[in-house]
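Student: Take a look at the following structure, please.
The values are calculated or read from the model by the stated rules, or taken from the named source; none is laboratory data. The shown structure was predicted, so the numbers you read here are calculated from the model rather than taken from an experiment. As a convention, Cβ positions derive from the backbone with ideal geometry for all residues, glycine included, and neighbour counts pool all protein chains shown. To get the accessible areas, we keep the full protein, side chains included, count just its heavy atoms, and leave off ligands, DNA and RNA. Shrake-Rupley method; radii C 1.70, N 1.55, O 1.52, S 1.80 Å.
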Amino acid sequence: HASQMEFEKAAELRDKIKNVYIRRLASETGEMVKKEVTRKYYNLTESEKEEYDRLWEDYQSAQEETNEDYRTLIEGGLVRQFLAKTMTKHTIELVDEMVEDGEKVVIITCFNDEMDILKKHFGKQCVTFNGSMTSKQKDKAQDSFNNDPNIKVFIGQIIATSVGLNLPIARKLVFNSYDWVAANNIQCESSIHRLTQTQDVECIYQLFNDSISQEMFDKVIYKQIISDQIIKSENQKNTL
């Protein structure tokens, strides 16, 4: 019932704004390669599950707290950071296999700890990209990944990577962690799904079963469905 009400509200909003916006889809600007979005699921080990449950209990008990010490708990930050850090071993295994198969790979991260772990593992094979870098450093990282055959992995912080990056040398993108704002994830996907891309691409979301990562992914994707119902392409307006 709640879902139906949301779609009805989306339809009402769509009708109100249809005369004041213009939207062009990437598919309308030229021939695009196929983008496949897939998911990989993992189970937490017994010890990881115990730590996750402890952090989740702390998060739940902190819901009513307002002081600064509990801010990251209230936002679920510590739980998300733990899952992101725990995911790195799976990302390393997955991306190592891709690199061995001759791929260049983009990895998306949300937190510093996970980026540091991945950077340490991939070493001279990788470049990193985050908001603390200068424009010159960012340009060098992008250029090195696209043009240096020895650079196999691009490790990008999600907010920095979601702003107009052009990485068509890669056809594989792996989320070690993802954002709760769907648009930021999709913008990262667009870094390899470009008009200049000549091969079909795959964007892989990695999730832990029975965790907030799985629950929030479902909510993030649902929000994007709602958004897509509100904003239609220009040539669809007359059919609404």
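Student: Within segment 93-112, restricting attention to residues that are open to solvent by less than 80 Å² (accessible area, probe 1.4 Å) and out of contact with any Phe, Trp or Tyr (no Cβ under 8 Å at 6 or more places or on another chain), which residue is nearest to Gln214 (Cα to Cα)?
Tutor: Initially, segment 93-112 is screened for residues open to solvent by less than 80 Å² (accessible area, probe 1.4 Å), giving 94-96, 98-99, 102-111.
From what is left, the residues that are out of contact with any Phe, Trp or Tyr (no Cβ under 8 Å at 6 or more places or on another chain) are 94, 96, 98-99, 102-103, 109, 111.
Numbers: Leu94: 19, Asp96: 24, Met98: 24, Val99: 27, Gly102: 30, Glu103: 27, Thr109: 16, Phe111: 18 Å.
Only one residue fits best here, namely Thr109.
Student: Counting just the residues of segment 174-207 that are part of a strand (DSSP E or B) and under 21 Å from Lys138 (Cβ atoms), which one comes out nearest to the chain's Cα centre (by Cα)? Show your work before the answer.
Tutor: To start, the set of residues in segment 174-207 that are part of a strand (DSSP E or B) comprises 174-175, 201-207.
This time we only want the ones that are under 21 Å from Lys138 (Cβ atoms), so: 174-175.
Values: Val174: 8, Phe175: 5 Å.
Among those residues, the one meeting the criterion is Phe175.
Student: Against the definition (open to solvent by 60 Å² or more (accessible area, probe 1.4 Å) and at pLDDT below 90), how does Arg194 come out, yes or no?
Tutor: On the way: open to solvent by 60 Å² or more (accessible area, probe 1.4 Å): yes; at pLDDT below 90: yes.
In short, yes.
Student: I'm checking my understanding of the structure. Among residues of segment 93-152 that are more than 25 Å from Val79 (Cα to Cα) and among the β-branched types (Val, Ile, Thr), which one is nearest to the chain's Cα centre (by Cα)?
Tutor: Here the answer is Val105.
Student: Restrict the check to segment 128-144 and report whether at least one residue is aromatic (Phe, Trp, Tyr), closer than 22 Å to Phe217 by Cα and open to solvent by less than 70 Å² (accessible area, probe 1.4 Å). Walk me through how you get there before you give the answer.
Tutor: Narrowing segment 128-144 to residues aromatic (Phe, Trp, Tyr): 129.
Checking which are closer than 22 Å to Phe217 by Cα leaves us with none.
Scanning segment 128-144 turns up no residue that is aromatic (Phe, Trp, Tyr), closer than 22 Å to Phe217 by Cα and open to solvent by less than 70 Å² (accessible area, probe 1.4 Å).
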